[in-house]
Amino acid sequence: MGIVSNQVGPGLRVEHSGPNGSVARVSLARPERHNAFDAGLIAELRAAFAGLAGEPPDRLRAVVLAGDGPSFCAGADIGWMRASLELDAEANEQDAMAMAEMFDAIDTCPVPVIARVQGSVLGGGTGLCAVSDLVIAESGTRFGFTETRLGILPAVISPFVIAKIGETNARALFPGGRRFDALRAQRIGLVHELVEGPEALDAAVEGALADVLAAGPTAARAAKSIVREVRGLPHGSSKWHTARVIARQRRSPEAQEGLRAFLEKRSPSWAPNGK
């Protein structure tokens with residue numbers, strides 16, 4: 001199937017490709033602003049992912065999150081930040097809450113989210129990496145929790161970032177706001193794979209998509225969900241919860257098909273192009 005494109009708003013584009021259009025490609029479309037956040041883009045991202053969350057497993061199997069132009073996302077738009085100077089405390093809180101809900105919508109997306117990252121990834125852009133399941137970046141990408149250089153702090157992104165990179169790295173990087181390279185981003189867990197150049201970046205994303213599409217649609221969703229579900233559970237509770245989850249999945253038609261396909265040495269019904 002070809003690519004079906006839908007311009008969600010002036011700052012965001014959603015395209016569907018892959019088997020039955022089940023791969024959603026969500027692209028920040030403000031290249032002239034290095035895809036920096038403003039209120040409009042935040043609302044568009046939240047609405048897009050809220051819509052994707054309602055798609056059933058046969059209609060949505062993966063999401064690629066990308067940014068048009070030279071940068072993935074360079075943080076907050078200067079004009080938007082300038083406007084915040086005129087907001088009172090309540091309006092500032094509502095503004096920040098809208099961003100928090102956007103990140104939560106991406107973080108709770110039921111299917112794997114693959115981030116295609118290049119150029120500058122600053123402030124809220126690092127938050128997008130933190131709520132993505134797999135982050136693939138060009139080796140020349142520069143990162144930074146740069147908020148303190150502007151007299152503010154990485155508060156809204158902190159729950160997601162700390163879950164990704166750990167408290168020790170957050171304590172080292174949050175206060176000073178120094179930018180860092182992609183190798184350090186990989187070392188601390190913000191990035192999972194580094195490649196050289198845009199062609200290699202596209203190839204790596206396609207490889208990651210092939211992995212997800214080779215998995216059972218409901219199994220991939222359940223595998224992502226279990227990571228969140230066992231977080232913070234005591235050992236006894238996690239034993240019972242995980243036993244129930246796998247027992248339920250084993251009885252599903254998808255698991256029955258997967259096991260039969262393996263025993264019969266054939267591809268399962270969900271595998272694209274019979275692979």
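The values are calculated or read from the model by the stated rules, or taken from the named source; none is laboratory data. Every value quoted in this text rests on a predicted model; they were computed, and no experiment measured them. Cβ placement follows ideal geometry from the backbone for every residue including glycine, while neighbour counts extend to all protein chains displayed.
Just a few scattered comments:
- Among the residues of the stretch 110-154, those identified as surrounded by 20 or more Cβ atoms within 10 Å (Cβ to Cβ), within 13 Å of F180 (Cα to Cα) and either in contact with an Asp or Glu (Cβ under 7 Å, 6 or more places away or on another chain) or among the hydrophobic types (A, V, I, L, M, F, W, C) (or both) are V121, L122, G123, F143, F145.
- Enumeration of residues in the stretch 86-118 that are touching a Phe, Trp or Tyr at 6+ places or on another chain (Cβ under 6 Å) and more than 26 Å from D58 (Cα to Cα): V117, Q118
- In the stretch 12-28 there is at least one residue matching the filter, namely being in the same structural domain as L153 (by TED's automatic domain parsing), over 30 Å from A271 (Cβ atoms) and of a type outside the set (K, R).
Per-residue answers, yes or no, for (1) aliphatic (A, V, I, L, M); (2) surrounded by fewer than 16 Cβ atoms within 10 Å (Cβ to Cβ); (3) at pLDDT below 95:
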| residue | (1), (2), (3) |
| --- | --- |
| R25 | no, no, no |
| L41 | yes, no, no |
| G51 | no, yes, no |
| G54 | no, yes, no |
| V64 | yes, no, no |
| D77 | no, no, yes |
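- For the stretch 162-174, the condition holds for no residue, the condition being that it is of a type in the set (V, I, T), surrounded by fewer than 21 Cβ atoms within 10 Å (Cβ to Cβ) and modelled with pLDDT under 95.
- The single condition among (1) farther than 28 Å from I226 by Cβ; (2) free of Cβ contacts under 8 Å to residues at least 12 places away in the same chain that A155 does not satisfy is (2).
- Considering the stretch 251-275, and only residues there that are exposed (fewer than 12 other Cβ atoms within 10 Å of the Cβ) and in a helix (DSSP H, G or I), the residue that is nearest to the chain's Cα centre (by Cα) turns out to be N273.
Results for (1) of a type in the set (S, T, N, Q); (2) within 30 Å of S120 (Cβ to Cβ), shown as yes or no for each residue.
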position	(1), (2)
E199	no, yes
E206	no, yes
S225	yes, no
R231	no, no
K265	no, no
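- Scope the stretch 9-26; condition assigned to a strand (DSSP E or B) and within 18 Å of the chain's Cα centre (by Cα); matching residues: L12, R13, V14, E15, H16, S17, V23, A24, R25, V26
- I106 meets each of the listed conditions (1) in a helix (DSSP H, G or I); (2) farther than 27 Å from L183 by Cα apart from (2).
- Filter result for L209 (buried (at least 16 other Cβ atoms within 10 Å of the Cβ) and either without any contact (Cβ under 8 Å) to a residue 24 or more places away in the chain or not small (G, A, S) (or both)): yes
- Residue check, S225 in contact (Cβ under 8 Å) with a residue 60 or more places away in the chain, of a type in the set (G, A, S) and not assigned by TED's automatic domain parsing to the domain that holds R116: yes
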